[in-house]
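*Asks:* What follows is a single structure, and I will ask about it in a moment.
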Amino acid sequence: MAELSTLARPYAKAAFEHAAASNTLASWSQALGLLDMLVADERIGVQLRSPSLARDQRAQLLIDISGEDLEAPVRNFLNALAENDRLLLLPAIFEQFQALKADHERLVEVQVTSAAPIDDSQRAKLAEALVKRLGREVNIEVSIDPGLIGGAIIRAGDTVIDGSLRGRLNKLSDALLS
């Protein structure tokens, strides 16, 4: 997995730099998202791996399926990927592009796993506290895990805040055992 991200990094960075310079981050993000879904489709993935198709035909396959949704710079990018036999890196390229875009826009995706549902006022207070702590705008996604017993676990990039009752009990258990 690390190898894929290493191979994808220069392509994601090049796409991002071009999109940022031409003020087309949103359209590039949308196009790369579409290409990510296409490559993930099993039927298309089989064709992209097929040795019976030349590299340029593989890129053309994605261009043809996408139709009018791909602008000329994105089509050129696809052709460059095909030329270097890197079309299957599109999911990793999209993921890294999105991370660069979020960093550029000073936005962070936050996953909150809670023991109970979170109402709108709690979500607003949490968002306000996270904006202060992280210094960025936040986009909160909430999931429920009754196994946490109480509290929540917050993940924002590399930062993890474990405020769950289960986490506190584990810490207490570790402290008593050591």
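The numbers here are math on the coordinates, done by the rules we state, and not lab data. If you're wondering where the values come from, they're calculated on a predicted model, not measured in any experiment. Quick reminder, even Gly has a Cβ in these numbers, built from the backbone with ideal geometry, and neighbours come from all protein chains shown.
*Asks:* Quick one: Karplus J couplings for region 142-159, per residue in order, coefficients 6.51, -1.76, 1.60, θ = phi - 60°, nearest Hz, x for Gly and Pro?
*Replies:* 10, 10, 10, 9, x, x, 6, 6, x, x, 7, 10, 10, 10, 9, x, 8, 8
*Asks:* Normalised by the number of residues in the chain, what is the relative contact order in percent for Cα pairs under 8 Å and 6+ residues apart?
*Replies:* For the chain, the relative contact order is 21 percent.
*Asks:* Which of rounded, prolate or oblate describes region 2-103 when judged by the alpha-carbon gyration tensor and an a/c cut-off of 1.5?
*Replies:* Working: a/c = 1.79, a/b = 1.40, b/c = 1.28.
Since a/c reaches 1.5 and a/b is larger than b/c, the shape of region 2-103 is classed as prolate.
*Asks:* Apply 1/(1 + (r/R0)^6) to the Cβ-Cβ distance of residue 124 and residue 155, taking R0 = 25 Å, and write down the FRET efficiency to the nearest 0.05. List each step's numbers first, then the result.
*Replies:* On the way: r = 19 Å, r/R0 = 0.77.
Efficiency computed from Cβ-Cβ geometry: 0.85.
*Asks:* Same structure again: Kindly rank 36-44, 49-57, 69-77 from highest to lowest mean number of other beta carbons found within 10 Å of each residue. Mind dumping the intermediate values first?
*Replies:* Details: 36-44: 13.4, 49-57: 11.0, 69-77: 16.6.
The peptides rank, most packed first, as 69-77, 36-44, 49-57.
*Asks:* If the reach is capped at under 17 angstrom between alpha carbons, list the lysines near residue 125, excluding any in the same chain fewer than eight residues apart.
*Replies:* Result set, ordered by chain and number: empty.
*Asks:* Can I ask one more? Report the per residue volume, in Å³, of the convex hull enclosing the C-alpha atoms of the chain. It would help to have the intermediate numbers written out before the result.
*Replies:* Numbers: hull volume 31.0 nm³, N = 178.
Taking the convex hull of the Cα positions in the chain, it is 174 Å³ per residue.
*Asks:* Here's another thing I want to ask about it. Could you pull out every residue, at least 5 positions away or on a different chain, whose amide H is within less than 5 Å of the one on residue 152? Hs are placed 1.01 Å off N in the peptide plane, and Pro or chain starts have none.
*Replies:* 163, 164, 165
*Asks:* Between the alpha-carbon centers of region 49-72 and region 141-160, tell me the distance in whole angstrom.
*Replies:* Region 49-72 and region 141-160 have Cα centres separated by 40 Å.
*Asks:* On to the next question. Return the long-range amide H neighbours of residue 138 (sequence gap of 5 or more, or a different chain), with a cut-off of under 5 Å between placed amide H atoms.
*Replies:* Long-range HN contacts for residue 138: 108.
*Asks:* List the relative contact order of region 107-177 as a percent without decimals, with contacts defined as Cα pairs under 8 Å and 6+ residues apart.
*Replies:* Values: 108 pairs, mean separation 27.6, N = 71.
Rounded, it is 39 percent for region 107-177.
*Asks:* Which residue, chosen from 116, 84, 65, occupies the Cα position most advanced towards the positive end of the dipole of region 65-143, where the dipole is computed from +1 (Lys, Arg) and -1 (Asp, Glu) charges on Cβ about the Cα centre?
*Replies:* My answer, from the dipole projection, is 116.
*Asks:* Per 0.36 nm of contour for each residue apart, how much would the distance between residue 7 and residue 76 grow if the chain were fully extended, relative to their Cα-Cα spacing?
*Replies:* Values: separation 69, 0.36 × 69 = 24.84 nm, distance 1.86 nm.
Result for the pair: 23.0 nm of gain on full extension.
*Asks:* Pop out the ³J(HN,Hα) list for region 66-79 in order, Karplus 6.51 cos²θ - 1.76 cosθ + 1.60 with θ = phi - 60°, rounded to Hz; leave Gly and Pro as x.
*Replies:* With the stated coefficients, region 66-79 comes to 6, x, 6, 6, 10, 7, 3, x, 5, 5, 5, 4, 4, 5 Hz.
*Asks:* Students often get this wrong: which residues of region 68-88 have the backbone nitrogen under 16 Å from the point 7 angstrom along Cα-to-C-beta of residue 22?
*Replies:* What the label zone holds, given the 16 Å backbone N cut-off, is 68-81.
*Asks:* While we're looking at this one, here's another question. Take the Cβ-Cβ distance between residue 37 and residue 14 as r, set R0 to 30 Å, and report the resulting FRET efficiency rounded to the nearest 0.05.
*Replies:* With a Förster radius of 30 Å, E is 0.90.
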